[in-house]
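Scroll down for the structure; my scribbles are underneath it.
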Amino acid sequence: MTIRLEYLIPLPLLDQQRGESEVWETSRLNFEPGLSYLVEAASGRGKTSLLSIIYGLRKDYRGKVFIDESDISTLGEKEWSVLRKTRLSFIFQGLELFDELTAMENIRLKNSITRHKSEKEIQEMAGRLDIDDFLQRKTGILSFGQQQRVAIIRAMCQPFDYLLADECFSHMDHKNGKLAYDLISEECKAQDAGLILSSLNSSEEITSSKKLIL
Amino acid sequence: MKGLYSILWSDNSRAHLLGAFLGTLAGLVLLLSGIQFYTDIKLVLSDNQDLLDPEYIVVNKKINIGQTLGFSGSGFSPEEITALRQQPFADKLAPFISNAFPIQAFTESDKVPNFSTELFFEAIPDEYIDIKSDEWQWDPEEGIIPIIIPQDFLNLYNFGFAQSQGLPQIPKGVVSVLNFRIRLNGSSGNYQDLPGRIVGFSNRIHSILVPQDFLTWANDTYGYFEKVDPSRVILVSKDPTDPAIIKYIEDNGYDTIREKLKGSRLNIILKFIISFLVLIAGIIILLAFLVFFLSLQLMISRSSQKIKRLHKLGFHYREISRPYIFLLLILMIAVTSIALLITGLFTRQMAAMAEQWNMAISSSLHGIIFGTALALITLISLSNVIAILISTKKLCK
């Protein structure tokens with residue numbers, strides 16, 4: 001999957017003082033298939049906006065976004081739904097977990113419409129991220145760092161050509177962040193998928209990515 | 001997909017749904033029972049009237065003082081007859097023909113006391129007459145006039161007049177062999193005497209009937225009265241319980257023997273009661289539908305954040321609406337089954353009671369009950385499903 005931005009700028013950023021950006025309002029920016037990108041910026045520079053626009057959640061922008069040569073503003077509800085089940089996965093900054101469900105139920109919820117991972121594979125991933133003990137607990141009572149790991153595993157439960165990860169290690173210590181990053185990278189490699197990661201600052205655990213300054 | 005169902009169902013309002021459920025149940029039972037009994041009673045009514053034997057109804061105009069004083073006629077104009085003929089309940093129809101000249105009947109025998117009386121004749125086509133007799137035909141060669149008189153006439157004479165006057169009672173058979181003569185009077189004093197014979201007693205038609213071809217011939221030969229519209233019309237209706245008959249007769253100021261139309265009148269009362277019942281049932285069902293509709297919509301709007309989140313995760317709005325539709329269908333199927341069960345039990349109870357009054361009504365539900373229940377539930381379900389799809393789609397924009 002190739003994602004191409006042309007002169008993209010979110011409307012709320014229009015009135016802001018902007019420095020040099022490698023993303024906003026560039027005539028053409030391609031996210032090539034299978035590559036990984038790190039989008040780095042301070043708060044308020046539009047990291048979440050960028051990922052939300054690509055994922056089709058926000059439509060308040062100027063410019064154009066293409067996924068494999070089709071303008072995403074022309075995609076219908078049905079097409080987005082298919083894209084989000086089979087080609088684009090998103091780890092939300094706000095996680096979007098259901099507090100009243102257990103961690104496992106949250107993961108299964110996504111897996112139920114994709115049937116991508118087996119129960120065993122889910123258990124394995126949880127084991128790698130060290131949250132297998134919490135899987136049967138209600139998500140609402142887990143720490144934010146634990147919830148982030150649940151959201152990561154959930155995002156793995158679907159086929160994708162690109163993974164959008166929005167500050168997904170922010171509440172993890174270095175060790176857990178590394179474990180999570182490795183899991184993500186492996187999954188991306190296995191699926192031959194690209195990755196766009198947003199982060200406040202370049203963390204040590206993130207390697208081999210092309211950096212983009214917002 | 002247990003997760004999806006538990007997420008979306010957790011925002012339901014049990015009290016609302018229960019209320020809607022009970023309301024729909026009550027309305028449905030009322031409606032279905034109403035239709036069941038209406039169907040039953042209609043069957044009972046038409047049984048009594050004997051469906052195979054259509055009713056012959058003689059219709060005349062009500063006599064008012066204007067007619068008595070000669071201001072207005074009491075006959076049916078050709079337009080009125082045409083209008084009556086076009087009514088769906090009138091399968092066949094014929095106006096009465098009257099004599100247009102004076103008639104007298106008298107005896108010439110020494111065996112019976114002499115008598116002489118002015119008389120009238122009427123005629124209708126043979127197919128409307130309940131007496132089938134070989135003698136019922138006019139043969140100009142033979143010249144005997146066959147006559148049918150009402151059974152009531154003979155009864156009046158035998159049980160009223162004869163007894164009080166000390167005269168002999170006459171059995172039917174003897175009346176038939178009585179010889180008397182009929183005098184047909186022309187306008188210029190010319191006349192013809194012909195023998196008359198009573199060939200039958202009608203229970204259906206209260207008139208003195210002669211064959212139509214005789215009266216036509218006699219009117220052509222002797223008739224000189226000014227032509228008047230027929231004052232009576234006989235019509236045949238396959239379904240005498242049809243309320244339209246009595247309504248039409250009343251609306252047009254006509255009159256008939258009410259007894260024959262009691263089925264029709266009963267039917268009107270019944271229809272009124274049942275309509276009232278159906279109206280109330282309809283209102284209840286409408287309200288119940290509204291509560292259903294509102295409960296589901298409330299559930300959806302309470303879950304709007306969750307729905308948006310599910311949409312973000314890649315759920316299509318159709319997938320999201322499934323738990324609501326499933327819930328709706330479960331409730332609908334349950335409410336229909338329970339309503340049919342209650343109506344069925346109720347019907348059995350009523351049939352047992354009716355049996356004590358010697359009335360045979362069906363102890364099982366009519367096909368129409370299932371049809372109605374199905375149609376209604378489909379309608380409620382379908383409109384709700386559409387509403388669910390619309391509102392989830394809206395949230396997934």
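Summary table
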{"read-out": "Yes/no for A:Q147 being without any contact (Cβ under 8 Å) to a residue 40 or more places away in the chain and closer than 23 Å to A:Y55 by Cβ", "value": "no"}
{"read-out": "Residue in the range B:108-144 that is farthest from B:N219 (Cα to Cα), counting only those that are surrounded by 14 or more Cβ atoms within 10 Å (Cβ to Cβ), of a type in the set (A, V, I, L, M, F, W, C) and within 41 Å of the chain's Cα centre (by Cα)", "value": "B:I131"}
{"read-out": "Qualifying residue in the range B:3-15 (condition: away from every other protein chain (no Cβ under 14 Å), farther than 30 Å from B:L296 by Cα, modelled with pLDDT under 80 and assigned to a loop (DSSP other than H, G, I, E, B))", "value": "no"}
{"read-out": "Subset of the range B:198-252 [part of a loop (DSSP other than H, G, I, E, B) and either of a type in the set (D, E, K, R) or not assigned by TED's automatic domain parsing to the domain that holds B:F76 (or both)]", "value": "B:R204, B:E226, B:K227, B:D229, B:K238, B:D239, B:D242"}
{"read-out": "Only one of B:L154, B:L167, B:L215 that is among the hydrophobic types (A, V, I, L, M, F, W, C), closer than 23 Å to B:N99 by Cα and modelled with pLDDT under 90", "value": "B:L154"}
{"read-out": "Members of the range A:36-45 that are surrounded by 17 or more Cβ atoms within 10 Å (Cβ to Cβ) and either within 15 Å of A:L5 (Cβ to Cβ) or modelled with pLDDT under 90 (or both)", "value": "A:Y37, A:V39, A:E40, A:A41, A:R45"}
{"read-out": "When residues of the range A:125-143 are limited to those that are surrounded by 14 or more Cβ atoms within 10 Å (Cβ to Cβ) and among the acidic types (D, E), the one nearest to the other protein chains (Cβ to nearest Cβ)", "value": "A:D132"}
{"read-out": "Flag for B:F315 being aromatic (F, W, Y) and over 30 Å from A:A165 (Cβ atoms)", "value": "no"}
{"read-out": "From A:F90, A:F98, residue being touching a residue at least 40 places away in the same chain (Cβ under 8 Å), in a strand (DSSP E or B), closer than 21 Å to A:D166 by Cβ and within 14 Å of another protein chain (Cβ to nearest Cβ)", "value": "A:F90"}
{"read-out": "Counted residues, the range A:3-36 - those being of a type in the set (K, R) and not in a strand (DSSP E or B)", "value": "2"}
{"read-out": "Enumeration of residues in the range A:193-211 that are of a type in the set (A, V, I, L, M, F, W, C) and modelled with pLDDT of 85 or more", "value": "A:A193, A:L195, A:I196, A:L197"}
{"read-out": "Candidate set: the range A:46-84, residues that are buried (at least 21 other Cβ atoms within 10 Å of the Cβ) and at positive phi; chosen: the one farthest from the other protein chains (Cβ to nearest Cβ)", "value": "A:G46"}
{"read-out": "Flag if B:D139 is assigned to a loop (DSSP other than H, G, I, E, B) and modelled with pLDDT under 90", "value": "yes"}
{"read-out": "Hits in the range B:305-331 (condition: of a type in the set (S, T, Y) and over 19 Å from A:R84 (Cβ atoms))", "value": "B:Y324"}
{"read-out": "Count of residues meeting criterion [surrounded by fewer than 19 Cβ atoms within 10 Å (Cβ to Cβ) and over 19 Å from A:L200 (Cα atoms)] in the range A:149-178", "value": "1"}
{"read-out": "Of all residues in the range B:304-352 being within 14 Å of chain A (Cβ to nearest Cβ) and aromatic (F, W, Y), the one that is nearest to the chain's Cα centre (by Cα)", "value": "B:Y317"}
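A quick yes/no check of all residues on (1) in a strand (DSSP E or B); (2) of a type in the set (K, R); (3) closer than 17 Å to B:P230 by Cα; (4) without any contact (Cβ under 8 Å) to a residue 40 or more places away in the chain:
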| site | (1), (2), (3), (4) |
| --- | --- |
| B:Q87 | no, no, no, no |
| B:A94 | yes, no, yes, no |
| B:A105 | yes, no, no, no |
| B:E127 | no, no, no, yes |
| B:I148 | yes, no, no, no |
| B:D152 | no, no, no, no |
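Residues checked against (1) buried (at least 20 other Cβ atoms within 10 Å of the Cβ); (2) closer than 15 Å to B:L119 by Cα; (3) out of contact with any Phe, Trp or Tyr (no Cβ under 6 Å at 6 or more places or on another chain):
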residue	(1), (2), (3)
B:D193	no, yes, yes
B:N203	no, no, yes
B:V210	yes, yes, no
B:D213	no, no, no
B:A218	yes, yes, yes
B:R232	yes, no, no
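The values are calculated or read from the model by the stated rules, or taken from the named source; none is laboratory data. Since the structure is predicted, the reported quantities are computational estimates derived from the model, not experimental observations. As a convention, Cβ positions derive from the backbone with ideal geometry for all residues, glycine included, and neighbour counts pool all protein chains shown.
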